[in-house]
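Chemist: Here you go, one structure.
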Amino acid sequence: MNALQRLYIVSHPLRISRYGAHSSLSTAERVEIIDALTDLLGSALTLVAQLTRGQQLSHNVSFLPVQQLFHRLVRASSSYTDFLATAITDLGGYAETAALYQLIDVHEPACFADCLTGICRAARRLRAADALLRDYQECAIANKDNASRRLFEECARHNARFVALIEDNLSHEQSL
């Protein structure tokens, strides 16, 4: 998407936001934040695809707890991507998760171990986004922008909770 299309999307005046950050940030700031959240959404969608593939591969396992774990992680990752899409929309961007799920281009791993490696790699990318979200949050606090602060707190909280869920449940696979 080029810069002119982004500016048109972000400058749409009829947006209704849950947080109010769409009106408290400048257009340039919103474009930057939408880009960051879109990158985060891309990593989360990749993770959804890897988890879904892991869930499919675990059907061959006669181990019910593994199947339940992947089912729970897929449900949590879908909830997280929906949250990110809502945050992007709140800022004036456009993200429709149903269409994005169809665009995920993840190479199907040959085995369950490759799937776990992909999950851990995507979780590390999400963990790295924590610092960026905290920086945005601190900037909003410094500017006394409560609407943006609430948005970034929610983003950081959801991201940390989701990454912790993955790391807590797949901690022994992180060394892969």
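Chemist: With label points built 7 Å along Cα→Cβ from the Cα atoms of R125 and R75, find their separation and express it in nm.
Modeler: 2.6 nm
Chemist: Full extension from F63 to A113: what is 0.36 nm times the residue separation minus their Cα-Cα distance, to one decimal in nm?
Modeler: Working: separation 50, 0.36 × 50 = 18.00 nm, distance 1.57 nm.
Here the answer is 16.4 nm.
Chemist: If I model a spin label as a point 7 Å beyond the Cα along the Cα-Cβ vector, how far apart are those points for N146 and A164 in nm?
Modeler: 2.6 nm
Chemist: Report the local net charge at L40: Lys and Arg +1, Asp and Glu -1, summed over other residues whose C-beta lies under 12 Å from its C-beta.
Modeler: -1
Bear in mind that the values in this text are calculations on the coordinates, not laboratory data. Everything quoted here is computed from the prediction, not taken from an experiment. Backbone-built Cβ (ideal geometry, glycine too); neighbour counts: all protein chains shown.
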